[in-house]
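What follows draws every value from the coordinates through simple rules; no lab data is involved. All figures in this text were calculated on a predicted structure; none of them were measured in a lab. Here Cβ is always computed from backbone atoms with ideal geometry, including for glycine, and neighbour counts include all displayed protein chains.
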Amino acid sequence: ARGEVAGEDALEPAFRAQLIKFFVAHKRDDDAIKELRTSAAANPDDVSAEMNLVNLLRVTKGADAARSELVSRIGAGGKVFPYQIALARFDFSLGHVDDSVKLLKELIDKSKAADETMAAKTALADIYVSRNNMASAEPLVTDILNADSRNIEGLRLRAAIRVDRGKAAVVHHWRVRVGIEVLRGDVVKQVVRRPARRLLRDVLLREAIFI
C-alpha cells in the first residue's frame, strides 16, 4: 500500500504537467494558470514551477501580470534570490534598465552567499556588455573569473569584451589609414589631378575587407 501511495505521489507532477499542456493547447489559459499556481504553492522551493507560471502569465495576460507575480512571490519571503534575479532580467527585457541595474547592485551588496553574489555580478555584467558598456562590465567579469577561472558565463563575457576591443582597434586603424590616404589624395589631386574623393572611396572599399 505504501508503495502504491508513493507511486501516486510520484506520478502527480507528471500528470499535472500533462494537464497544463492540455489546457494550454486548448486555450484554457485560466485553468492552466490555476494548475500552475497550485503546483507552485505545493512546491515553494521549486523555482521552475514559479517561473513556468510567470512565463505563462506573460504570454496570456501580459508583462504587467507576469511582473506582479514575481513581485508577489518575492514579497512572500523565503528563498527569493532566484526571483529577484528573474525580476532584474525581466525589467531589463522591458527596457527598465535603471531599475534592473539598481536591483542587481543591491543584490551584490547585500547577498551573503558567494554563489548569489556571483550570479548577480554575472547578470549585471551581461547587461553592461549588451549595452556596450565594457568599462563597467570588465571589473565584474574579472571578479567572476578570479573566483572561478572556468566559469562559463564569465568566459563568454570576457570573450565578448575582447571581441569588442578588437573591433575598436580595427576601426581606429581604419580611421588612421583613411586620414593618411585623404592627405595623400590631396597631394595626388594637386599633382596629377586625381580626385581625392575617388581615392577615399577606394580606401574605404579596401579597408572594409578587414572589418
* Asked: Pairs of lysine in the stretch 1-127 with Cα under 27 Å and at least 8 positions apart or on different chains: total?
  -> 18
* Structure fact -> In whole angstrom, the spacing between the Cα centers of the stretch 117-161 and the stretch 33-111 equals 22 Å
* Asked: Peptides 86-92, 18-24: what's the order by average Cβ count within 10 Å, highest mean first?
  -> 86-92, 18-24
* Whole-Hz Karplus ³J(HN,Hα) for the stretch 62-71, in order, using 6.51 cos²θ - 1.76 cosθ + 1.60 and θ = phi - 60°, x for Gly and Pro? -> x, 5, 4, 5, 5, 5, 4, 5, 4, 4
* Once Lys and Arg get +1 and Asp and Glu get -1 on their Cβ, which of Phe15, Gln84, Val59 lies farthest toward the positive end of the dipole of the stretch 1-116? -> Val59
* To do: Using label points projected 7 Å from each Cα along Cα→Cβ, tell me how many nm separate Thr38 and Arg89, to one decimal.
  => 2.8 nm
* Asked: Can you work out the FRET efficiency for the pair Arg162 and Ala63, with r the C-beta to C-beta distance and R0 = 25 Å, to the nearest 0.05?
  -> 0.15
* How much length is gained on full extension from Lys21 to Ala113, taking 0.36 nm per residue of separation minus their Cα-Cα distance? -> 29.5 nm
